[in-house]
Amino acid sequence: MLGAGLDAVPLVDLAARLGWRVTVRDHRPAYFGKGDFGRAEACIDGPAEDLEAAELGRYAAAMVMSHHLATDRVYLRALAGSGAPYVGLLGPPPPREQLLADLG
């Protein structure tokens, strides 16, 4: 999961209940203290630019949901070359359309 906003908490919980091993990553370390990510296997803070496509390829799915346009763009670029079988993007349609247009 790429984004640790409050909307990520129920998704982490649901995924964990379904037996998924969840890693949450965000470029804003303070966000980890605002929600209960106790069901996540790992919480990683760091710049989106440090995310490597090779690292992402080991996951069965990725959900982009930082709701920060520039950061989500970086995450999606990395995911495009990762081989991850499923990529989701959570957010309202206008920013989504802008991200997809930016990425071509």
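Consider PRO10 against the criteria (1) outside any loop (DSSP other than H, G, I, E, B); (2) touching a Leu at 6+ places or on another chain (Cβ under 9 Å); (3) open to solvent by 60 Å² or more (accessible area, probe 1.4 Å): it satisfies all of them except one. Which criterion is unmet?
(2)
I'm told ALA78 meets every condition in (1) more than 18 Å from PRO10 (Cα to Cα); (2) assigned to a loop (DSSP other than H, G, I, E, B); (3) touching a helix residue (DSSP H, G or I) at 6+ places or on another chain (Cβ under 6 Å) except one. Can you identify the failing condition by its number?
Answer for ALA78: the failing condition is (2).
GLU49 - would you say it is under 17 Å from SER82 (Cβ atoms), assigned to a helix (DSSP H, G or I) and open to solvent by less than 70 Å² (accessible area, probe 1.4 Å)? Please lay out each step first, then the result.
On the way: under 17 Å from SER82 (Cβ atoms): yes; assigned to a helix (DSSP H, G or I): yes; open to solvent by less than 70 Å² (accessible area, probe 1.4 Å): no.
Considered against the rule, which asks whether it is under 17 Å from SER82 (Cβ atoms), assigned to a helix (DSSP H, G or I) and open to solvent by less than 70 Å² (accessible area, probe 1.4 Å), GLU49 comes out as no.
Among the residues of the stretch 21-43, which ones are exposed (fewer than 15 other Cβ atoms within 10 Å of the Cβ) and more than 14 Å from ASP72 (Cα to Cα)? Explain how you work it out, then say what you get.
From the stretch 21-43, those exposed (fewer than 15 other Cβ atoms within 10 Å of the Cβ) are 21, 28-30, 33-34, 36, 38, 41-42; that's our starting set.
Listed by number, the residues that qualify are ARG21, PRO29, ALA30, GLY33, LYS34, ASP36, GLY38, GLU41, ALA42.
For the structure I just gave you, tell me whether ALA70 is within 20 Å of GLU97 (Cβ to Cβ), part of a helix (DSSP H, G or I), open to solvent by less than 80 Å² (accessible area, probe 1.4 Å) and of a type in the set (Gly, Ala, Ser). So that I can check it myself, show each step before the final result.
Details: within 20 Å of GLU97 (Cβ to Cβ): yes; part of a helix (DSSP H, G or I): yes; open to solvent by less than 80 Å² (accessible area, probe 1.4 Å): yes; of a type in the set (Gly, Ala, Ser): yes.
When the stated conditions are applied, ALA70 passes them.
The values are calculated or read from the model by the stated rules, or taken from the named source; none is laboratory data. What you are looking at is a predicted structure, and each value in this text was computed from that prediction instead of being measured. Because the Cβ atoms are built from the backbone with ideal geometry, glycine has one as well, and the counts that use them run over all protein chains shown. What goes into the accessible areas is simple: the full protein's heavy atoms, side chains included, and nothing from ligands, DNA or RNA. Shrake-Rupley method; radii C 1.70, N 1.55, O 1.52, S 1.80 Å.
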